[in-house]
1. Run the reach check for K294 against aspartates and glutamates, Cα to Cα strictly under 16 Å, same-chain hits fewer than 8 apart removed. What comes back?
2. How much length is gained if the chain between I40 and K442 is pulled fully straight, taking 0.36 nm per residue apart and subtracting their Cα-Cα distance, in nm to one decimal?
3. For the ranges 396-409, 122-135, what's the packing order if you count other beta-carbon atoms within 10 Å of each residue, average per peptide, and put the highest first?
4. Could you give the accessible area per residue of the stretch 270-333, probe 1.4 Å, as a whole number in Å²?
5. Distance from the Cα centre of the stretch 293-371 to that of the stretch 380-456, in angstrom?
6. Between E245 and I458, what is the spin-label point distance in nm, taking each point 7 Å from the Cα along the Cα→C-beta axis?
7. Of the heavy-atom accessible surface of the stretch 339-393 (probe 1.4 angstrom), what whole percent is carbon and sulfur?
8. Under a 1.4 Å probe, what is the accessible area of the stretch 349-447 per residue, stated in Å²?
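The values are calculated or read from the model by the stated rules, or taken from the named source; none is laboratory data. All of these numbers come straight from a predicted model, not from anything done at the bench. Quick reminder, even Gly has a Cβ in these numbers, built from the backbone with ideal geometry, and neighbours come from all protein chains shown. In case anyone asks, the SASA skips ligands and DNA or RNA and just uses the protein heavy atoms, side chains included. Shrake-Rupley method; radii C 1.70, N 1.55, O 1.52, S 1.80 Å.
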Amino acid sequence: LQTIESINNVVNNFIWGVPAMICIIGVGLYLSIRTNFLQIRKFPYAIKVTIGRMLRKREASDGSLTPFQAVCTALAATVGTGNIAGVAGAIAIGGPGAVFWMWMLALLGSASAFIESTLAQLYKRKGKTSFYGGPAYYMKYGLGKGWMGILFAVLMIITFGFAYNSVQSNTICLAWQKAFGIEPATMGIALTVLTLLIIFGGIHRVAKFSSTVVPVMAVIYLLIAVGVVVWNITSLPKVLLTIVENAFGFNQAAGGVLGVTVIQGIKRGLFSNEAGEGSAPNAAAVATVSHPVKQGLIQALGVFTDTLVVCSCTAFIILVSGVDLTASNGIQLTQDALTHEIGNIGNPFVAVMIWLFAFSSIIGNYYYGETNVRYIRDSKLGVFVYRLAVAAMVMVGAVVSLDFAWSFADITMALLTLCNLAAIVLLSRQAVFLLKDYRQQKKEGKNPVFTKDKMPEIADKLEAW
């Protein structure tokens, strides 16, 4: 394992060098300019069409949600391992300044999220009961590069099915070891068995349980986070100053440390909000909207909410607590900080909460991967082997080091993101055209509606419109 970890770290450092950083930040800036910084100008509108509509919903009927349920569900969707353990890891390794670069990634990444989700809507396909789609489909039908769609599908399988699930398992085991003294191998066996039971037939009960409990836990976490910040409000200006100073190396001992700060902020920000990574479009394609841009705006808002709100809450908890940032890492640093602020209950609370979030993510990641296995070839044997491999990676994640789990995820995440960014840059002209069409209809006082006859050159590729 030590040899594998060494190789993994070398490869990770090579991939996350200057080229990857330039691509991720550069594409975000390029798409921001192409859309005239839509993520800033349209932010009030995105709030209005999402949160505003949720709050105006008076009562639940026909399977819809009450206002409280809708808000809880929306908040829960943005709270996960990246927001709680990922932020702590970024601060522990890169210092407080990593938080600033997470904010910058969210600002620029919102444009990437808008483009990829708009394209997913444009090229979505009709299923028996709903739509489906994602990057593999706009690569195949939009770019006409089937091989690229298969490459992306393979990277999705490796990243979500294997790498990300090892991170989720690793995070659960570390949290429970600190809170309850349970050995990682023991917890790993339990997680692996439970994962196998669910992916081979018990998903519906887990989904029902998660949809009830997880949103409540997410809201409780956010309320506690806001409470901690308010309680320490006088320390907030100092914390913000520390973040900015550290972000630009004003109080760094050497320039090399600044590079680590920037890289950690972008890595963990990307893991958390997934802007430009190519995962969100798989879900965005399922939505039913009258114009592709509508879903793009909602996805852009999601990036803001994820990083600027939820990740910032975790960062403020850690930084206002004054705990030693070098004493622990990942989820255990968050546990130390919350325990310092609310007492001994902080440790078990975070452990139980992260189990709910991370295990739900394991199942969700599994289904992301299975969808792409079936995209490549809809084979029962292939799906069976994939399920066993996912369970095996859950066990591996439980026993490897924290550094290995996150480094492996960083490698696959970078490759997946670079593949998707290449596609959305090449197809950005179409998304910009859709944005112009959307704006024109809004100026005319219409509810924007898109039909494929507006893009006759690709109309035969637009199955859903």
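1. Hits, sequence-local ones excluded: E116, D437.
2. 142.9 nm
3. 396-409, 122-135
4. Value returned for the stretch 270-333: 25 Å² of accessible area per residue.
5. Cα centroid of the stretch 293-371 versus Cα centroid of the stretch 380-456: 21 Å apart.
6. 4.9
7. Reported share for carbon and sulfur atoms: 63 percent.
8. 40
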